[in-house]
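Inspection log for the structure reproduced underneath, given as structure tokens.
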């Protein structure tokens with residue numbers, strides 16, 4: 001059906017790319033992505049892509065620099081192989097937290113990555129839940145920032161149907177996201193006021209809202225070291241929450257994240273497969289993973305057929 005579509009994957013998330021292909025009904029493209037002994041990335045496209053619409057699926061998660069370089073080299077290879085269009089499908093956009101000068105003499109790395117992607121040959125970028133929406137403006141090419149909310153809401157509605165639930169934002173920046181979920185789940189929301197004392201270090205201050213005897217669901221766009229998450233969970237428990245769950249689009253889960261989650265009062269953490277779980281994460285019973293393959297496949301289909309992507313979220 002989609003003879004002109006070619007979907008390829010780097011090494012960061014081949015399982016997600018395969019699931020996208022299964023939904024679309026197309027085979028996964030044949031490409032070799034290897035590393036020389038000195039660390040250089042080598043890419044070989046093993047099929048004809050001349051005149052084809054190419055979609056490269058690659059999350060720029062850990063090892064972030066390797067995965068980003070793989071994506072750039074793959075795009076260059078596709079451009080030199082005369083692909084008609086090149087779309088970078090980046091489920092998790094690394095460096096997104098460096099979206100402004102937060103201190104003197106610091107880079108805006110999210111903008112640098114945008115420039116690299118454009119220079120390497122991207123005609124369009126598709127991503128999910130950008131950490132900062134304004135990153136779309138760093139590009140001079142179209143950017144489709146998809147939302148994992150439909151996938152998460154479908155699970156939450158089924159999981160907590162008829163129960164006394166409250167959506168909780170772990171900081172002021174996520175209040176709008178929590179409010180949107182609360183509206184669709186027809187439940188109240190609460191917010192935790194915190195102050196960050198250093199990168200990856202958060203100090204919980206106090207709770208705004210009522211969580212007593214309710215099932216509290218902490219909502220965030222990503223979980224990195226899980227410091228914010230577990231401190232928020234502790235604050236909710238102290239304020240009388242009956243049970244505590246958490247959900248986030250991107251499970252970065254670096255450093256002590258899994259140990260913190262396992263040792264916390266959180267009963268379940270719901271994530272998507274924008275970032276693949278490591279071996280340690282896959283072994284914990286507290287993590288539930290939902291797939292965004294159908295969402296990305298539908299976005300690819302709509303882009304290919306010149307249909308509206310934004311109407312996916314109406």
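Here, each number is a calculation from the coordinates, and none is a lab measurement. None of the values given here were measured: they were computed from a predicted structure. Glycine gets a Cβ as well: all are built from the backbone with ideal geometry, and neighbour counts include every protein chain shown.
With springs only between Cα atoms under 10 Å, which of 132, 102, 216 fluctuates most in a Gaussian network model of the chain? Highest fluctuation of the listed residues: 102. Counting other Cβ atoms within 10 Å as a rough exposure proxy, the listed residues 269, 289, 168 run 289, 269, 168 from fewest neighbours to most.
Report, to the nearest 10°, how far helix 293-304 tilts away from the longest principal axis of the Cα atoms in the chain, using its own Cα long axis and a range of 0 to 90°. Taking the Cα atoms of the chain, the angle to 293-304 is about 40 degrees. Between the Cα long axis of helix 227-238 and the first principal axis of the chain there is an angle of about 20°, rounded to the nearest 10. Each of 258, 20 was scored by other Cβ atoms within 10 Å of its Cβ. Arranged with the fewest first, they read 258, 20.
Axis angle, to the nearest 10 degrees, between helix 149-159 and the longest C-alpha principal axis of the chain: 40 degrees.
Counting every other Cβ atom within 10 Å of each residue's Cβ, 131, 304 order from fewest to most as 304, 131. Beta bridges assigned by DSSP with both partners in the chain are antiparallel in approximately 25 percent of cases. Distance between the modelled labels on residue 154 and residue 304, one decimal in nanometres: 1.9 nm (7 Å Cα→Cβ projection).
Rounded, prolate or oblate for the range 142-288? Axes are the square roots of the Cα gyration tensor eigenvalues, ordered a ≥ b ≥ c, and the cut-off for rounded is a/c under 1.5. Judged from the Cα gyration tensor, the range 142-288 comes out rounded (a/c under 1.5).
So what is the calculated 222 nm ellipticity per residue for the chain, using -39500 (n - 2.57) for each DSSP H run with n of 4 or more, over all residues, to the nearest 500 deg cm²/dmol?
Computed mean residue ellipticity for the chain: -9500 deg cm²/dmol.
Starting from the Cα gyration tensor of the range 139-198, take the square roots of the eigenvalues, sort them a ≥ b ≥ c, and report rounded, prolate or oblate (rounded when a/c is under 1.5, otherwise prolate if a/b is larger than b/c, else oblate). Taking the square roots of the gyration eigenvalues as a ≥ b ≥ c, the range 139-198 is oblate.
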